[in-house]
Amino acid sequence: MLTLNLADFSLEHFMAYYWQQRPVVIRQGFAHFEDLISPNDLAGLAMEDAVESRLVYKKDEQWQAENGPFESYKRFGKTGWTLIVQAVNHYSPEVAELVKPFDFIPKWRLDDVMISYATPGGGVGPHIDLYDVFICQGSGRRQWRVGDKGDHKQFAAHAALLHTEPFEAIIDTELLPGDILYIPPGFPHDGVTLEESMSYSVGFRAKSGCDMLSGLADYVIDKELGKTLLADPKRLIAHHQGQIDASDFTLIRANLQTLLDNDTLMADFAGSYFSKTKCTLDLQPLDEPLETSDLVDMLQQQPLVRTGGLRCFYVDATVVQGVCYVDGERYEFGPDLQQAVINLCDNDELSEALLHAALENAEFSRQFTEWVNGGFWYFRD
Ligand code: SIN
Ligand code: CO
């Protein structure tokens, strides 16, 4: 079990002073840290179709970026290139463990664990991210420069690489195994590898209003909601044919506002939207599906583990009805199962005690058995 050590400040101080506000180096945040995956296994993952990966390097001083899957790495030498693999927590239970020390931030904010393997001189170049990231140094050493937030010009160094102009560093430091660099969105940064290196980036996504409105539009179309027409009975005689006047504008806005003010609709949207994964899950359905009674017997012997990257949430407005959102879908089990739903979503591992009452409920036990048979939760042995 990885434990996050904050030697210089408390977690409360981190959240109040650094989170979303300023970058910071957490020296030896993970004491005696050892790689959670080998460079070879990482390179193997990037050969798979379902896995999102990228190679970044320079050729004749020009930045290059290629998307995986890759067939071989033979054309690369011992320096100057980086392999980046997204959502490795979906594929490796050991890497998924790296999410746990950051459980002081709720899971709906989590994006994924991206891992980079870089050779000396390798890096992705100076850039700005739109998410909070804890870059945990594994094996090797890397020099990191972080600049202040500001009006930094960005440009495409390659069609797939958005870089930022040179910046003045407010942090310029070498990370050793176990050190962590926290960077909030908007701070330019550049990591150059000094010695063959593994970097584990635990990223937390922050959606924009545009992202969410687009998601809400998809949601209302999909669920056939929001069909109420703009209505204007007793309209006054118009004198300006080209005008959308103030009262008409209020009418338009009110129609849309009705959707936003609908707590159940918005809770269902938020739960479904934030429980969708960006990268596909690596689900391993059981070859021989279990009956609920077998599952309950097995659960008495050992806990079930949530598959890496699976997102399950509840929202206060609907959890009273026993509603949860799992992998983008809404499930309703009734008010008696409120606590079970909370246990299901709050815990990475589920013991029999956490689900006991719920497993006596026909609908819950049917759905839960389907989830386990589908690989959403699994027994380690
Ligand atoms: C990397 O690990 O190579 C890049 C991480 C980052 O700068 O966001
Ligand atoms: Co970055």
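Bear in mind that the values in this text are calculations on the coordinates, not laboratory data. Note that the coordinates shown come from a computational prediction; the quantities given were computed from them, not determined experimentally. Glycine gets a Cβ as well: all are built from the backbone with ideal geometry, and neighbour counts include every protein chain shown.
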Quick query: amide H of G328 versus all other amide H atoms, modeled in the peptide plane; which residues come in under 5 Å with a sequence gap of 5 or more or a different chain? S275, K276
Specify whether the C-alpha gyration tensor of segment 209-261 places it in the rounded, prolate or oblate class, a ≥ b ≥ c being the square roots of the eigenvalues: rounded for a/c under 1.5, otherwise prolate if a/b is larger than b/c and oblate if not. prolate
Please rank S201, S92, S214, fewest neighbouring Cβ atoms within 10 Å first, as an exposure proxy. S214, S92, S201
Helical mean residue ellipticity (222 nm; -39500 (n - 2.57) per DSSP H run of 4+; nearest 500) of the chain: -7000 deg cm²/dmol
PRE reach from R27 (point 7 Å along Cα→Cβ): which of segment 170-203 fall under 19 Å by backbone N? 170-183
Give a residue-ordered list of calculated ³J(HN,Hα) values for segment 322-334 (Karplus: 6.51 cos²θ - 1.76 cosθ + 1.60, θ = phi - 60°; whole Hz; x for Gly, Pro). x, 9, 9, 10, 10, 6, x, 10, 9, 10, 10, 10, x
How big is the gap, in Å, between the Cα center of segment 342-378 and the Cα center of segment 163-194? 42 Å
Starting with the fewest neighbours, write out L6, L256 ranked by other beta-carbon atoms found within 10 Å of each beta-carbon. L256, L6
What's the ranking of 55-65, 34-44 by average number of surrounding C-beta atoms within 10 Å, highest first? 34-44, 55-65
Taking the Cα centre of each part, how many Å lie between segment 1-76 and segment 139-162? 14 Å
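Tell me the net charge near W81. Cut-off is 15 Å between Cβ atoms, W81 excluded, with +1 for each Lys or Arg and -1 for each Asp or Glu. Display every interim value, and only then the final one.
On the way: positive: R54, K58, K59, K74, R75, K78, R142; negative: D60, E61, E66, E195, E196.
With Lys, Arg at +1 and Asp, Glu at -1, the neighbours total +2.
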Per residue of segment 28-35, in order, report the coupling 6.51 cos²θ - 1.76 cosθ + 1.60 (Karplus, θ = phi - 60°) as ³J(HN,Hα) in whole Hz, putting x for Gly and Pro. 6, x, 10, 5, 6, 5, 10, 3
Name the residue from L162, P289, I221 whose Cα lies farthest towards the positive end of the charge dipole of the chain, charges +1 on Cβ of Lys and Arg and -1 on Cβ of Asp and Glu. L162
Once you charge only the Cβ atoms, +1 for Lys and Arg and -1 for Asp and Glu, what is the size of the charge dipole of the chain about its Cα centre, to the nearest 20 debye? 1300 debye
Mean Cβ count within 10 Å, highest first, over the residues of peptides 158-168, 369-379: 369-379, 158-168
Under the rule of at least 5 residues apart or a separate chain, name every residue whose amide H is placed under 5 Å from the amide H of D129. G186, F187
Using the Cα gyration tensor of the chain, with a ≥ b ≥ c the square roots of its eigenvalues, what is the shape: rounded (a/c below 1.5), prolate (a/b larger than b/c) or oblate (neither)? oblate
Rounded, prolate or oblate: which fits segment 23-179 when a ≥ b ≥ c are the square roots of the eigenvalues of the alpha-carbon gyration tensor, with rounded for a/c under 1.5 and prolate only if a/b beats b/c? rounded
